[in-house]
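What follows is calculated from the coordinates using simple rules that are stated; it is not laboratory data. Computed from a predicted model, the values in this text were never measured in an experiment. Note: ideal-geometry Cβ built from the backbone for every residue, glycine included; neighbour counts use all protein chains shown.
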Amino acid sequence: MKLHNLTAPEPNKKTRKRVGRGEGSGLGKQSGRGHKGQKSGSGYSQKRGFEGGQMPLQRRIPKFGFKNPFRTEYATLNLDAISEFRKSGKLGDVITVADLIETGIIRKKEKIKILGRGEIDAAIQVEAHGFSQTAVQKIEKAGGSVTKI
């Protein structure tokens, strides 16, 4: 295969619509915008969700409940994932937030919560922002310890 044999994939072969290039093109004069009206002008831009004056969907749908603006969001990590990372050599016996950031499991500013899905077979020391009760029980049962930040 050589460079002169390469062709663009099918969708890339379509040329853009060139409007306002004379009546013979089929898109001259009003350039496909029709006669007069709000949408025909050059400065026209429509608001997101605008439905021609009809009450927009965003405002028609009933809203209920309470959204707490101060809720703390946690990145979650289960025990089965920790044991997999330990088997692959990404994590050691002492697991800190810095280790999790370094391996790319969580992002820098995220808070981490350890959850109890799966089993842990080694005595590990885990440092995190939060733990579920089952995670604490399973880690301590295996001979490990937990440290809440």
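Among the residues of the range 74-105, those that are in a strand (DSSP E or B) and either free of Cβ contacts under 8 Å to residues at least 24 places away in the same chain or of a type outside the set (A, V, I, L, M, F, W, C) (or both) comprise Tyr74, Thr76, Asn78. Counting the residues of the range 60-86 that are of a type outside the set (Val, Ile, Thr) and surrounded by 10 or more Cβ atoms within 10 Å (Cβ to Cβ) gives 11.
Out of Gly24, Gly34, report the one residue that is in a helix (DSSP H, G or I), loosely packed, with under 10 Cβ neighbours inside 10 Å and not hydroxyl-bearing (Ser, Thr, Tyr). The unique qualifying residue is Gly24. Taken together, the criteria exclude Leu3 from residues that are in contact with a strand residue (DSSP E or B) (Cβ under 9 Å, 6 or more places away or on another chain) and either surrounded by 12 or more Cβ atoms within 10 Å (Cβ to Cβ) or more than 30 Å from Gly104 (Cβ to Cβ) (or both).
Exactly one residue out of Ala122, Ala135 is in a loop (DSSP other than H, G, I, E, B), closer than 19 Å to Glu84 by Cβ, of a type in the set (A, V, I, L, M) and more than 26 Å from the chain's Cα centre (by Cα), and it is Ala122.
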